[in-house]
Amino acid sequence: MSHPEPRPLTLSARGPLRGTVTVPGDKSISHRSLMFSALAVGESRIEGLLEGEDVLATAAAMRAMGADVTRDEDGVWRVHGVGVGGLLQPQAALDMGNSGTSTRLLMGLVASHPITATFTGDGSLSGRPMGRVIEPLSRMGADITASPGGRLPLMVRGLNPAVPIEYTLPVASAQVKSAVLLAGLNTPGITRVIEPVPTRDHSERMLRGFGADLRIEDGADGKIISITGEAELKPQHIVVPGDPSSAGFWMVAASIVPGSEILIRNVCMNPTRAGLITALKLMGADISEIDAREMGGEAVADLRVRHAPLSAIEVPPALAPSMIDEYPILFVAAAFAQGRTVARGAHELRVKESDRIATMRIALEAAGVSTIEHEDGLTIEGSGGELLPGAAHIASKLDHRIAMSMAIAGLGARRAITIDDVSPVATSYPGFFGVMESLLVA
Ligand SMILES: O=C(O)C1=C[C@@H](OP(=O)(O)O)[C@@H](O)[C@H](O)C1
Ligand SMILES: C=C(OP(=O)(O)O)C(=O)O
């Protein structure tokens, strides 16, 4: 899943966005749909799966470990699972491409199966820290040999039976939480994760939906999540709701470009994912929820977004886990607000597909925005609704969210913004530029 040919793109202001967009399926839920279906006994069906490269890496890995994963012509995916405990030894290294979620969650699965798997990835993923999952999974008995600094390529030799642990998350990470819970699925006894700061809870919701014995209690140090091992998962029919992280780009685009009015359909409104909407509303964005409903155990709504003048805020650090992937596009919103926006408490941005604090600081400065870089965030001087000067060359650094965020910034730039490589967009939102065109001409 490497992109040998960089795909540059040049954008500048083109007028308002109008029309309706249905964003693709949620990436986190799509990964988990494939993984849990592959561990159920029988056939699961998945509608609305995100067909981005990250999720396709998960599908390929589940196939390599014995599951039968196919796609019907109508876009419905069918998975015949092997059952918890039934994963097979993959015959070759698992190429995780650009995907941290695939890597960390699958390391958890392998850790308690009697198999050995090697994980590889692209240049971005190979720079990301895996020590955060190596540590708890090693405590459960897995034997993990990693490249220096706890990086990829690495090899996980699972232990079966593994040892159940009680693990307090040292970092607010749904990937670490999920890795331990997934290892616990095939571990005799009860595996516990204590979560001091709430993070996205799709694993918990979906594991319960698949029939796992998973309990959640409030403890003195946070939520206590207990999973009873040697679980039997029952196949499901899953309808994946739209990805709020993908919706975020259009929320900000419509907010910053005068005359815009759009409807974004089917957006997952899980509160552990809704931080960007809260932050944008604090800035004065005109976002209304229409037809709030439930879809497969998740809250969903349509969102009407109209252009509105934005005001700078101090972004509440408590929102960070519920909008962690949305900071790059929030920084773009801040670049158009009236006043100085301060976003702190988001140190985790340093270890995403790129260092999203440094990459966005450099990108925004190049486009004519004044910023101050902090260890854990950015201060951004907004234009007060004026077009950005632009005339910038931006490095997307193998980071899909940087490429999409700076493309949206381009829609508010007087002179062109050129992004050196937008091919990483395919990891999470393959149709992004087609949707942009349709909203600009509607
Ligand atoms: O569990 C998940 O699906 C994800 C968790 C988050 O990562 P962390 O767990 O590293 O915060 C997020 O950034 C990532 O895009 C998806
Ligand atoms: C951080 C992200 O994904 P992952 O960790 O799965 O690579 C993301 O999609 O912004």
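Nothing in this text is a laboratory measurement; each read-out follows from the coordinates by a stated rule. The structure displayed is predicted, hence computed values, not measured ones. FYI the Cβ positions are ideal-geometry reconstructions off the backbone, even for glycines, and counts take in every protein chain you see.
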Karplus-derived HN-Hα couplings along region 17-30 (A = 6.51, B = -1.76, C = 1.60, θ = phi - 60°), whole Hz, x at Gly and Pro: 9, 9, x, 10, 10, 10, 6, x, x, 4, 5, 4, 6, 5
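Please report, to one decimal in angstroms, the Kirkwood hydrodynamic radius of the chain built from all distinct Cα-Cα pairs. The partial results should precede the final answer.
Numbers: mean 1/r = 0.0456 Å⁻¹.
Result for the chain stands at 21.9 Å.
What does the C-alpha gyration tensor say about the overall shape of region 80-163? Classify as rounded when a/c is under 1.5, otherwise prolate if a/b is larger than b/c, or oblate. Before the final figure, lay out each step's value.
Values: a/c = 1.99, a/b = 1.33, b/c = 1.50.
Oblate.
In deg cm²/dmol, rounded to 500, what helix-only [θ] at 222 nm does the chain give when every DSSP H run of at least 4 residues adds -39500 (n - 2.57) and the total is split over its residues?
Details: 12 runs with 128 residues, N = 442.
Helices in the chain give a 222 nm mean residue ellipticity of -8500 deg cm²/dmol.
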query: Using the Karplus equation 6.51 cos²θ - 1.76 cosθ + 1.60 (θ = phi - 60°), what ³J(HN,Hα) coupling, rounded to whole Hz, does each residue of region 349-362 give in order, writing x for Gly and Pro?
result: 4, 5, 10, 8, 3, 9, 6, 6, 6, 5, 5, 6, 4, 5
Percentage relative contact order, region 279-377, counting C-alpha pairs under 8 Å, at least six apart: 22
- prompt: Among 426-432, 304-310, how do they line up from the highest to the lowest mean number of other beta-carbon atoms within 10 Å?
  reply: 426-432, 304-310
- request: Arrange 200, 71, 128 by Cβ neighbour counts within 10 Å, fewest through most, would you?
  value: 71, 128, 200
query: Hey, which lysines would be in cross-link range of residue 352, C-alpha to C-alpha under 21 Å, not counting anything within fewer than 8 residues on its own chain?
result: 27, 177, 397
task: Output the peptides 343-349, 245-251 sorted from most to least packed, where packing is the average of other Cβ atoms within 10 Å over each peptide's residues.
output: 245-251, 343-349
- request: Could you tell me the largest-minus-smallest coordinate of the C-alpha atoms of region 281-437 on each of the three principal axes, in descending order and whole angstroms?
  value: 43, 33, 31
task: Please give every one of the aspartates and glutamates within straight-line cross-link reach of residue 281, meaning a C-alpha to C-alpha distance under 15 Å, and leave out same-chain neighbours fewer than 8 residues apart.
output: 289, 314, 326
- prompt: So what's the angle, to the nearest 10 degrees on a 0 to 90 scale, between helix 432-441 and the longest Cα principal axis of the chain?
  reply: 30
query: Ordered by packing density, taken as the mean number of other Cβ atoms within 10 Å over each peptide's residues, highest first, how do 45-58, 221-234 rank?
result: 45-58, 221-234
- line: Dividing the mean separation of Cα pairs under 8 Å (6+ apart) by the residue count of the chain yields a relative contact order in percent of 18
task: Mind pulling the angle between the C-alpha long axis of helix 53-64 and the longest principal axis of the chain? Nearest 10 degrees, somewhere in 0 to 90.
output: 10
field: Rounded to 5, percent antiparallel among DSSP beta bridges of the chain
entry: 70
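Quick check: from the Cα gyration tensor, does region 27-236 come out rounded (a/c under 1.5), prolate or oblate?
Working: a/c = 1.40, a/b = 1.12, b/c = 1.25.
Note, shape of region 27-236 comes out rounded.
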